[in-house]
1. When the C-alpha atoms of the stretch 37-137 are aligned to their principal axes, what extent does each axis show, in angstrom, from largest down?
2. Round to the nearest 10 and report in Å² the accessible area of residue 128, as given by a 1.4 Å probe over the protein chains' heavy atoms.
3. If you add up the charges near residue 112, with Lys and Arg at +1 and Asp and Glu at -1, over every other residue whose beta carbon is less than 13 angstrom from its beta carbon, what do you get?
4. Per residue, how large is the accessible surface of the stretch 69-174? Use a 1.4 angstrom probe and give square angstrom.
5. What number comes out for the charge environment of residue 100, summing +1 per Lys or Arg and -1 per Asp or Glu over other residues with Cβ under 12 Å away?
6. Divide, for the stretch 109-166, the radius of gyration over alpha carbons by 2.2 N^0.38 Å, where N is the residue count.
7. Could you state how much accessible area residue 161 has, in square angstrom rounded to the nearest 10, with a 1.4 Å probe and all protein chains kept in place?
Amino acid sequence: MAKSDRRGLDLPRGRSGMLGRGATSSGSSDTFGRFSEAFARAMGTSGFLIGMSVFVAIWLWWNIAMPKEWQFDPAATNFTLLTLILSLQASYAAPLILLAQNRQDDRDRVQIEQDRQRAERNLADTEYLAREIVALRMSLEERSSQGVTREVLRAELRAMLAELRDEDPAEQAP
């Protein structure tokens, strides 16, 4: 088997056709994801809900109050066109909202992982600093105890020196 054949088997084949997306389509996928988030954000506002309610109220009022010749979706047909329009809107809105939620979940997952790593680093830094403080305290205690020991040692040496001077045989002999 030639090397190019093995390389071809090691890598996934690209998809072809209208629905095929290669590795370069990540930009358009991200654009579509941002669009879905903007769409979901817009649909979740009170302005959209009020606007949609006003649109439906006007639609219903027009098709009930206007003469039969002017009605384009009469009440006699149970507002079939309005039902179809709202169903179409719902069929597009639901997947776009789910896509936006999935993207938000991914961002939240990444943020949680980064927070966990940051917390681990902070804990390690805190433990290191605590060990350093303990080491400094121990070093200071050792130094201070050595200082006292030196003073005691000097005092003992002076006392011994004084004793040696008192017992000097040259001084005792006339």
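1. The Cα atoms of the stretch 37-137 stretch 95, 20, 16 Å along the principal axes, largest first.
2. 120 Å²
3. -2
4. Each residue of the stretch 69-174 exposes 86 Å² on average to a 1.4 Å probe.
5. Details: positive: 34, 41, 103, 107; negative: 37, 105, 106.
With Lys, Arg at +1 and Asp, Glu at -1, the net is +1.
6. 2.41
7. So the heavy atoms of residue 161 present about 80 Å² to solvent.
The values are calculated or read from the model by the stated rules, or taken from the named source; none is laboratory data. Keep in mind it's a predicted model, so treat the numbers as computed, not measured. Cβ: placed from backbone, ideal geometry, glycine included. Neighbour counts: every protein chain shown. The accessibility values were calculated without ligands, DNA or RNA, using every heavy atom of the protein model including side chains. Shrake-Rupley method; radii C 1.70, N 1.55, O 1.52, S 1.80 Å.
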